[in-house]
Structure formats: C-alpha cells, structure tokens
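Heads up, the thing below is written out as structure tokens.
Nothing in this text is a laboratory measurement; each read-out follows from the coordinates by a stated rule. This one's a predicted model, so the numbers in the text were calculated from it and none came from an experiment. Note that we place each Cβ from the backbone using ideal geometry, even for glycine, and neighbour counts take in every protein chain shown.
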Amino acid sequence: MASTELEKKPSQAIDPAEEPSVEWGWHGGFPKGTQFMGWFSVIACLAMLIGNHGGIISGGGHFKTEDGYLVVIAAILVIGLLIDLRRKRTAWRR
C-alpha cells in the first residue's frame with residue numbers, strides 16, 4: 001500500500017535547523033532566472049552610459065567618473081556570469 005507522504009532520501013535530507021524554509025515549501029534556486037537577470041543588469045549598466053550626465057571635470061576635459069564605475073560594474077557582472085556558466089557546464093565531470 002502506498003503512503004500519502006513523500007519519502008525523503010537520506011542523501012537529500014535537509015536539516016530544518018539549518019534551512020527553516022524546508023518545512024513550509026519548495027527549497028531551491030532559479031538558475032535560468034539568475035542568468036537572465038544578470039545579463040539584464042549588464043545591459044542596464046551599459047545603457048546608462050548613454051545620457052546627458054556630466055563628469056567631475058566641467059571644463060574642457062571629458063573624464064566621467066560615473067561611466068568608469070558603470071563599465072567596471074558591468075565587467076564584474078560579466079565575469080561572474082561567465083564563471084557561473086562554466087561551473088554549471090563542467091559540474092557533470094566531477
């Protein structure tokens with residue numbers, strides 16, 4: 001006779017003391033959503049480069065500090081996303 005409750009495998013059992021949310025529902029991540037929102041954030045950072053904002057040097061210089069920060073943040077996001085993609089693709093080899 002089949003039981004009405006799902007049986008947990010011992011290797012996949014999660015301790016409720018460590019993860020309280022396991023008692024009330026689904027416990028997992030959003031791998032595709034994380035990648036999508038990460039690339040969306042990169043595009044948003046680079047889109048903010050277009051605009052009518054000024055820089056620190058108001059004279060003849062064209063040094064824009066905020067543009068530098070946007071490019072650095074976008075580059076860090078791209079590196080993190082590529083590392084995440086590579087880690088997921090090579091996970092089966094371990």
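Values for this structure:
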| read-out | value |
| --- | --- |
| Total formal charge among the other residues, if their Cβ is under 11 angstrom from that of residue 51, Lys/Arg +1 and Asp/Glu -1 | -1 |
| Full-stretch length increase - residue 86, residue 18 - with 0.36 nm per residue and alpha-carbon distance subtracted | 21.6 nm |
| Estimated FRET transfer efficiency (residue 36, residue 71; beta-carbon r; R0 25 Å; 0.05) | 0.70 |
